[in-house]
Amino acid sequence: MSPAPCASVPPLSLLAPFAVAFTAPTFRHVLVLVSGTILASGRRTVASALRAVGLGDERRFTTYHRVLNRDVWSALVLSRILLDLLVRTFLAPDAPLELVVDGTLERRRGRKVAWRGRFHDATRSQSGHVVTSDGIHWVCVMLLAPVPWSWRRWALPFLTIPTFTPAISAKLGKTHRTAPERTEILVRLIRC
């Protein structure tokens, strides 16, 4: 027997601070998607998230897709809220704010991957032998903080942006910036 569909998902108190970045209806959809993503097994898609919360037969499933593909909300506003929560949760009031930046390659292939380029693949390269792979290169900014369940500090990500090859930048009509240049812009945004 299949579970009864969830008419509404109870608010996740952890996500309440993020409500200011969305309209009320969109935030209700966000809560459903987050709950479904946590509960889903296998690939984390919108359809699998909806199935996990009992909305597999939802006729207006495209409404949930629009939360992600229309992105009327601001990722920078959300990242600032997340950074504030991380600082208040894990750092002492007088502790310095230490940030680390890392680049990572998400290997992706296919014609429909818009930001796909060919990038240096650090995990497959060896000394004297450079390997490149197709994918999306991300620059991730993280807060370095002590966590109660570990003896060492953790790097807690709060902002991630893609970097592009010159060809992808031209295709998207954007000024090409290298990963260090994009990192510099991120640091300036965080300092504001």
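The values are calculated or read from the model by the stated rules, or taken from the named source; none is laboratory data. Remember, predicted model here, so these are calculated numbers, not experimental data. Cβ placement follows ideal geometry from the backbone for every residue including glycine, while neighbour counts extend to all protein chains displayed.
Quick one: which strands (runs of 3 or more DSSP E) lie wholly within the stretch 89-192 and hold at least 3 residues that are out of contact with any Ser or Thr (no Cβ under 8 Å at 6 or more places or on another chain) and closer than 22 Å to F18 by Cβ? Outline the logic, then answer.
On the way: elements: 99-107, 117-120, 132-146, 153-163.
Fully inside the stretch 89-192 and qualifying: 132-146, 153-163.
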Subject >> So P146, is it assigned by TED's automatic domain parsing to the domain that holds L91, over 30 Å from P93 (Cβ atoms) and modelled with pLDDT of 85 or more >> reply: no
Subject >> Pairs, first closer than 13 Å to L55 by Cβ in the stretch 19-41, second in a helix (DSSP H, G or I) and of a type in the set (K, R), C-beta under 8 Å, six or more apart >> reply: G36/R51; A40/R51
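Against the condition out of contact with any helix residue (DSSP H, G or I) (no Cβ under 6 Å at 6 or more places or on another chain) and assigned by TED's automatic domain parsing to the domain that holds I81, how does L156 come out, does it pass?
On the way: out of contact with any helix residue (DSSP H, G or I) (no Cβ under 6 Å at 6 or more places or on another chain): no; assigned by TED's automatic domain parsing to the domain that holds I81: yes.
Judged against the criteria, L156 is not a match.
Got a number for residues in the stretch 175-192 being more than 20 Å from F158 (Cβ to Cβ) and of a type outside the set (S, T, Y)?
So the answer is 3.
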Original post:
Is the stretch 22-45 home to any residue that is of a type in the set (V, I, T), at pLDDT 90 or above, exposed (fewer than 14 other Cβ atoms within 10 Å of the Cβ) and out of contact with any strand residue (DSSP E or B) (no Cβ under 8 Å at 6 or more places or on another chain)?
Top reply: no
